Amino acid sequence: MITLKDIGELIGSIDVVRYIDNNPEIGYSLSRKYWNQGLMTEACKAFIEYLFDIGFTKVLIKAVVENIGSNRVIEKCGFKFTHQEHLEHQSSFKPNSATVNCYELVK
């Protein structure tokens, strides 16, 4: 969970969503109220550092092409673009297909 340091308010989450070839793929969400404040970049960098500290050497992440803010967070965290994928029926929450940018960060 991501909380505000000063008041402990829950504002988002970040976690490993799956493993690809034993490499963690992370995903995150943040309350819209806290967008564009650098909070997700800070949380993402801390989570990546934790994953490297516990022994992973590569971290993966994806973002929908149109989600400019998320792609910027990913780039600010040092991830390198690798390719695009077209995903069909992502989940029950997002039933439409989407094109995503795929990134990796190697220690």
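The values are calculated or read from the model by the stated rules, or taken from the named source; none is laboratory data. Just so it is clear, the model here is predicted, and its values are computed rather than measured. All Cβ positions, even for glycine, are placed from backbone atoms using ideal geometry, and neighbour counts span all protein chains on display.
Could you tell me whether ARG32 is surrounded by 14 or more Cβ atoms within 10 Å (Cβ to Cβ) and charged (D, E, K, R)? No: the conditions fail for ARG32. In the set PHE93, PHE79, PHE52, only one residue is closer than 21 Å to MET1 by Cα and modelled with pLDDT of 95 or more; that residue is PHE52.
For the stretch 22-49, residues that are closer than 15 Å to MET1 by Cα and in contact (Cβ under 8 Å) with a residue 12 or more places away in the chain total 15. Note on the stretch 17-48: among residues that are touching a helix residue (DSSP H, G or I) at 6+ places or on another chain (Cβ under 8 Å) and of a type in the set (Val, Ile, Thr), the one that is farthest from LYS76 (Cα to Cα) is ILE26. Summed over the stretch 50-75, the residues that are more than 16 Å from CYS102 (Cβ to Cβ) and in contact (Cβ under 8 Å) with a residue 40 or more places away in the chain give a count of 3.
Look at the stretch 5-15 and say how many of its residues are without any contact (Cβ under 8 Å) to a residue 12 or more places away in the chain and surrounded by 11 or more Cβ atoms within 10 Å (Cβ to Cβ).
Result for the stretch 5-15: 1.
Kindly establish whether LYS58 is farther than 30 Å from GLU9 by Cα, surrounded by 14 or more Cβ atoms within 10 Å (Cβ to Cβ), more than 13 Å from the chain's Cα centre (by Cα) and among the basic types (Lys, Arg). Lay out the reasoning, then the answer.
Numbers: farther than 30 Å from GLU9 by Cα: yes; surrounded by 14 or more Cβ atoms within 10 Å (Cβ to Cβ): yes; more than 13 Å from the chain's Cα centre (by Cα): yes; among the basic types (Lys, Arg): yes.
Yes, satisfied.
Scanning the stretch 61-81 for residues that are exposed (fewer than 12 other Cβ atoms within 10 Å of the Cβ) and either in contact with an Asp or Glu (Cβ under 6 Å, 6 or more places away or on another chain) or under 25 Å from ASN22 (Cβ atoms) (or both) gives a single hit, LYS80. Which pairs have Cβ atoms under 9 Å, sit 6 or more apart or on different chains, and link a residue in the stretch 92-107 that is within 13 Å of GLU25 (Cα to Cα) and β-branched (Val, Ile, Thr) to one that is surrounded by fewer than 17 Cβ atoms within 10 Å (Cβ to Cβ) and modelled with pLDDT under 95? Hits for this filter: zero, empty list.
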